[in-house]
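Here the structure comes first, spelled out in structure tokens, and everything after it is commentary.
The values are calculated or read from the model by the stated rules, or taken from the named source; none is laboratory data. No experiment lies behind these values; they were computed from the predicted model shown. Cβ coordinates were reconstructed from backbone atoms using ideal geometry, including for glycine residues, and neighbour counts include every protein chain displayed. Ligands, DNA and RNA are excluded from the accessible area calculation, which covers all protein heavy atoms including side chains. Shrake-Rupley method; radii C 1.70, N 1.55, O 1.52, S 1.80 Å.
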Amino acid sequence: MKFEHTKPYEDWFWEKNRIDLCFDHVENIQFENKLIRLRSGQSKTYDKLVLATGSVPNRYDWPGQEANGVISLYGLQDLELLEKYSSTTKRAVIVGGGLIGIELAEMLRTRNIEVTYLVREPYFWANILPTEEGEMISKHMQQDHHIDLQLNSELKQIFSDSNGRVEAVGTTKGERIPCELVGITVGVRPNVEFLKNSDLEIERGILVNEFLETNIPDVFSCGDCVQHRNPQAGRKAVEQVWYTGRMMGECLGETIAGISTPYIPGVWFNSAKFFDIEYQTYGEVPAKLPNDMSDFYWQHPEKKASLHFVFQKESEVFSGINSFGIRLRHAVLEQWIKEQKTIEYVLTHFRDAWFEPEFHKNYSHEIIAAFNQKIGSNLKVETKSWKRILSHIKSATYGH
Amino acid sequence: MVCLWGLKFILKYRHSRYHIWRTVVLMICQLFLAFLIPEILEGLNQEQAYFAKDLKFFWPLNYYFFEDWHLNAMAEGGSMGMFYLVWGIALFLLVTPILTYFLGKRWYCSWVCGCGGLAETAGDPFRHLSDKRLSAWKLERWLIHGVLVYIFVVTAVVLYGYFSNQSQIFGIDIYTWFRKPYGFLIGAAFSGVIGVGFYPLLGSRVWCRFGCPLAAYMGIFQRFKSRFRITTNGGQCISCGNCSTYCEQGIDVRWYAQRGQNIVRSSCVGCGVCSSVCPRGVLKLENGPEQDRINDKPILIGRDDVRLL
Ligand SMILES: Cc1cc2nc3c(=O)[nH]c(=O)nc-3n(C[C@H](O)[C@H](O)[C@H](O)COP(=O)(O)OP(=O)(O)OC[C@H]3O[C@@H](n4cnc5c(N)ncnc54)[C@H](O)[C@@H]3O)c2cc1C
Ligand code: SF4
Ligand code: SF4
């Protein structure tokens, strides 16, 4: 796969749809004159403006972090740097146990570069994943992909040689790890620095209401750079993921085209891939279970596959699921959560949600047997029903 | 050959039971339907007339099926010739439409066919070279349906000649102007030279995509009357482009997936590789009710505000 393949549209697409692509940097914006100044010296005017500047990778002022060979992973430029340094790298150290760090680790392993991975928490991605899943992924990294995973360990400083190139890192545990590359992947923050000395209201991100309007007329914002003034119950003010970015974009497109559309995210979902293991999540699966919630965890005895069901203790209403190594049907999960199905309903109808490729084994029976054993029930798997699936897709798409 | 490359393919895609099954079936078909069973049948019947004995090689892919020498050979071939004649016609008229209705054209293109088998196995390292441009799709539709019309015309003329015992139609020689050019242009140059020889340049399925009249015929069913589709999983697509890159048929799978639309395309051979390379579990090849199979309005799931009506 090459850069060409990542382009979502062919090059003629933009002009045909009367989109004037302009490759330049915005230096500043004069909102009162509706004027945008570009790095090339040109300027542009606008009737309506959408700020979708994304985010920038965090760095926490570690001594030596300016050395050559210290990289982040966000855009094409980072990738080019990575390419440049990786040919002269035997060992790399990655700092920060989240989605971007593990992707970087995977990229480095494809070039046979040794990877030491510093994770501050007791297991991988501990602020999001429950222990069981976090440990499964940690094990997968260590055993199957030979990552030197250092848990409960933080970066303290970066040492460089006389040419200014990284030669080692020091950790809070007092260790010194020789390396030629350091990947800093400790989260991102909204990219709003260049907008700060203006009338635009900014806290962590650009403040918007539910129509994604900023405090300045005709100026809108969406995506990673946004901070919601009134986030919905259970949602964060700054949600920097692909799916929310895309949904905000859809809403804003409609609003600007004349159909005022508030951004109301539905049931939470997300996905990722950790080396060979695909991950999907729907609804609420907290890393630490609150007292009023119960869970049921199933893991395949040999394969890297697991499901984590979470439900309300009293009412047994299903609240969410983490799935590793098993593909599930989005529309079905969304409707189950919305319609407040009970955990029993979910388990007995689980074949409706199964989205694994044809001929792949369906574990519904094993899962329900494990549940029955756990709570002493006698639930049975229902056969898959296209009628139910299609009706879920219909309600997920067109509302009730 | 298909068997050897097939083993390599199985090793590469060992994590997917879909690929294991279809490649095993492919190898069995190649071994038994194309060689062993015909050999055995041949052994039982000693008549020597030559006709195509590959049990899975039928008109219109086998363009000479209805040519006079072939029809005569089958007629002279006694009970076995008769069997092949009836079998060949039944495959085209009955078996193909029915199986394509229930399974999509993949039952043939990715599970049975020899050309397809070679493309899937030996051609696998070249699959990403297929042309993804919209212009290539336009060319594809003209070419492949052109070949389909062409073989219908040629066959109609040849049959006319056979039954009326004439070697000319409207004063034009059938062999020189119909049979020979098709055999040369399509049968040899297109399917053989360009189709296989150009794997490293044009990708692995050039013939299947741009030329094969059988694929075109099944494609029409697949597009308009079939239970097969590639389901897109709600709003899970991240527009990464893996699927489109590795589609050997040059289908821009992402175009559909990122809109939440199912993929229902006449050219899809159901190889299942787009589903395997997708990092987000977005694509599933499946057979289901025809109702709501094609959803051409964008349906991205995940928002609670307006809904499309
Ligand atoms: C390695 C990596 C892995 C990820 N994995 C996942 C995942 O698995 N799941 C998930 O949900 N999310 C993931 N994300 C997050 C997801 O990619 C982002 O949430 C999403 O891309 C944000 O989209 P956006 O349009 O808001 O911003 P971006 O995609 O960042 O776009 C911002 C654009 O604005 C441009 N820009 C910025 N400033 C200026 C300026 N001054 N002048 C001109 N142009 C400017 C930038 O060049 C950029 O093109 C990942 C991110 C990274 C980096
Ligand atoms: S769309 Fe998918 S299944 Fe169909 S031919 Fe392309 S890669 Fe194969
Ligand atoms: S491979 Fe999957 S996630 Fe990537 S563009 Fe295709 S469907 Fe979307």
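GNM, chain A, Cα, under 10 Å: largest mean-square fluctuation among A:ILE259, A:ILE19, A:ILE184?
Of the options given, A:ILE19 has the highest mean-square fluctuation.
With all protein chains present, calculate the accessible area of B:CYS274 using a 1.4 Å probe and round the result to the nearest 10 Å².
10 Å²
Nearest 100 Å² is fine: what is the total accessible surface buried where chains B and A meet, probe 1.4 Å?
Chains B and A together bury roughly 4600 Å² of accessible area.
Charges on Cβ only, +1 for Lys and Arg, -1 for Asp and Glu, centred on the Cα centroid of the protein assembly as shown; of B:VAL2, A:VAL56, A:GLN150, which one is farthest towards the dipole's positive end?
Checked the options; the winner is B:VAL2.
Hey, if you put +1 on the Cβ of every Lys and Arg and -1 on every Asp and Glu Cβ in the protein assembly as shown, which of A:CYS179, B:MET74, A:ILE137 ends up farthest toward the positive end of that dipole?
B:MET74
By what distance, in whole Å, do the Cα atoms of the stretch A:73-134 stretch along each of the three principal axes, largest value first?
36, 23, 17
Restricting to DSSP H runs of at least four residues, report the calculated mean residue ellipticity at 222 nm for chain A, -39500 (n - 2.57) per run over all residues, nearest 500 deg cm²/dmol.
One gets -7000 deg cm²/dmol as the mean residue ellipticity at 222 nm.
To the nearest 0.05, what FRET efficiency results for A:LYS313 and A:ASN209 with a Förster distance of 30 Å applied to their C-beta separation?
The value I calculate is 0.25.
Hey, could you get me the Stokes-Einstein D for the stretch B:161-224, Kirkwood radius over alpha-carbon pairs, 20 °C and 1.002 mPa s, rounded to whole µm² s⁻¹?
156 µm²/s
Using alpha-carbon positions, what is the distance between the centroids of the stretch A:214-228 and the stretch A:295-316, in Å?
39 Å
Restricting everything to alpha-carbon atoms, can you work out Rg to Rh for the stretch B:1-151 with a Kirkwood hydrodynamic radius?
1.01
Using the Cα centre as the reference, give the magnitude of the dipole from point charges on the C-beta atoms of the stretch A:269-395 (Lys, Arg: +1; Asp, Glu: -1; all else neutral), rounded to the nearest 20 debye.
Dipole about the Cα centre, nearest 20: 280 debye.
List every residue whose amide H lies under 5 Å from the amide H of A:ARG59, counting only residues 5 or more places away in sequence or on a different chain, with H placed 1.01 Å from N in the peptide plane.
Residues meeting the amide H criterion: none.
Work out from phi, with θ = phi - 60° and the Karplus expression 6.51 cos²θ - 1.76 cosθ + 1.60, the ³J(HN,Hα) of each residue of the stretch B:68-79, listed in order in whole Hz, and give x for Gly and Pro.
Using θ = phi - 60°, the values come out as 4, 5, 6, 4, 4, 4, 5, 4, 7, x, x, 5 Hz.
List, in order, the whole-Hz ³J(HN,Hα) value for each residue of the stretch B:145-152 obtained from phi through the Karplus relation with A = 6.51, B = -1.76, C = 1.60 and θ = phi - 60°; use x for Gly and Pro.
Listing the rounded values in order: 6, x, 4, 4, 4, 4, 5, 4 Hz.
Over the C-alpha atoms of the protein assembly as shown, what are the Rg and the largest Cα-to-Cα span, Dmax, in Å?
Final numbers for Rg and Dmax: 29.7, 96 Å.
Over the alpha-carbon set of the stretch B:130-282, divide Rg by the Kirkwood Rh and report the Rg/Rh ratio to two decimals.
1.10
To the nearest 20 Debye, how big is the dipole of the stretch A:51-194 about its Cα centre, given +1 on the beta carbon of each Lys and Arg and -1 on that of each Asp and Glu?
In debye, rounded to 20, the stretch A:51-194 gives about 240.
Relative contact order, percent, of chain A when contacts are C-alpha pairs under 8 Å separated by at least 6 residues?
Relative CO of chain A lands at 12 percent.
Tell me the Rg and the Dmax, in Å, that the Cα atoms of the stretch B:59-107 produce.
Radius of gyration, then largest Cα-Cα span, for the stretch B:59-107: 12.5, 36 Å.
Of B:PHE198, B:PRO289, B:PHE184, which is farthest towards the positive pole of chain B's charge dipole, taken about the Cα centre with +1 and -1 on the beta-carbons of Lys, Arg and Asp, Glu respectively?
About the Cα centre, the residue reaching furthest to the positive side is B:PRO289.
By what distance, in whole Å, do the Cα atoms of chain A stretch along each of the three principal axes, largest value first?
Cα extents, longest axis first: 71, 58, 42 Å.
Take every DSSP beta bridge with both residues inside the stretch A:70-189 and express the antiparallel ones as a percent of the total, to the nearest 5.
35 percent
In a Debye calculation with equal point scatterers on the alpha-carbon sites of the stretch A:9-163 and no solvent, what is log10 I(q)/I(0) at q = 0.20 Å⁻¹?
Here log10 of I(q) over I(0) equals -1.24.
Express the carbon and sulfur contribution to the solvent-accessible surface of the stretch A:3-150 as a percent, rounded to the nearest whole number, probe 1.4 angstrom.
For the stretch A:3-150, the apolar C and S fraction of the accessible surface comes to 49 percent.
For the stretch A:70-189, with every protein chain kept in place, what is the accessible area per residue (1.4 Å probe, Å²)?
Per residue, the stretch A:70-189 has an accessible area of 46 Å².
Relative contact order (percent) for the stretch A:269-395, with alpha-carbon contacts under 8 angstrom and 6 or more residues of separation?
Computed over the stretch A:269-395, the figure is 20 percent.
Measuring from centroid to centroid over Cα atoms, what is the spacing of the stretch A:262-284 and the stretch A:339-400 in Å?
18 Å
Given the pairs A:LYS7/A:LYS304; A:LYS236/A:LYS361; A:LYS288/A:LYS341; A:LYS273/A:LYS374; B:LYS53/B:LYS132, which span a C-alpha to C-alpha distance of over 27 angstrom in this model?
A:LYS7/A:LYS304; A:LYS236/A:LYS361; A:LYS273/A:LYS374; B:LYS53/B:LYS132
Only helical DSSP H runs with n ≥ 4 go in: add -39500 (n - 2.57) per run for chain B, normalise by residue count and round the 222 nm mean residue ellipticity to 500 deg cm²/dmol.
Rounded to the nearest 500, the figure is -13000 deg cm²/dmol.
Set the bar at 26 Å for Cα to Cα. Now go through A:LYS139/B:LYS8; A:LYS303/B:LYS8; A:LYS139/B:LYS12; B:LYS12/B:LYS138; A:LYS380/B:LYS105 and name every pair that lies beyond it.
Checking Cα-Cα distances, A:LYS139/B:LYS8; B:LYS12/B:LYS138; A:LYS380/B:LYS105 exceed 26 Å.
Taking all protein chains as present, what is the carbon and sulfur share of the accessible area of the stretch B:192-309, in % to the nearest whole number, probe 1.4 Å?
It is 63 percent, rounded to a whole number.
Rounded to the nearest 20 debye, what is the charge dipole size of chain B about its Cα centre when +1 sits on each Lys and Arg Cβ and -1 on each Asp and Glu Cβ?
Once rounded to the nearest 20, the dipole reads 1380 debye.
For A:GLY205, enumerate residues with amide H under 5 Å from its amide H, sequence gap 5+ or separate chain, H modeled in the peptide plane.
A:GLN227
If eta is 1.567 mPa s and T is 4 °C, what Stokes-Einstein diffusion coefficient results for the stretch A:167-276, Kirkwood Rh from Cα pairs, in µm²/s?
My calculation gives 79 µm²/s for D.
Of all DSSP beta bridges located in the protein assembly as shown, what percent are antiparallel, nearest 5?
70 percent
Express the relative contact order of chain B as a whole percentage, based on alpha carbon pairs under 8 Å and six or more residues apart in sequence.
So the answer I get is 19 percent.
Quantify how strongly other chains surround peptide B:227-238 by giving the mean number of their Cβ atoms within 10 Å of each of its Cβ atoms.
Across the residues of B:227-238, the mean count of other-chain Cβ atoms within 10 Å is 5.
Please report, in whole Å³, the volume per residue of the convex hull around the C-alpha atoms of the stretch A:269-395.
Value for the stretch A:269-395: 114 Å³ per residue.
Using 1/(1 + (r/R0)^6) with R0 = 25 angstrom and r between the beta carbons of A:GLN157 and A:SER87, what's the FRET efficiency to the nearest 0.05?
Once the sixth-power term is evaluated, E becomes 0.45.
Can you run phi through the Karplus equation (6.51, -1.76, 1.60; θ = phi - 60°) for the stretch A:256-270 and list ³J(HN,Hα) in whole Hz, with x for Gly and Pro?
5, 6, x, 10, 4, 10, x, 8, 10, x, x, 4, 4, 8, 7
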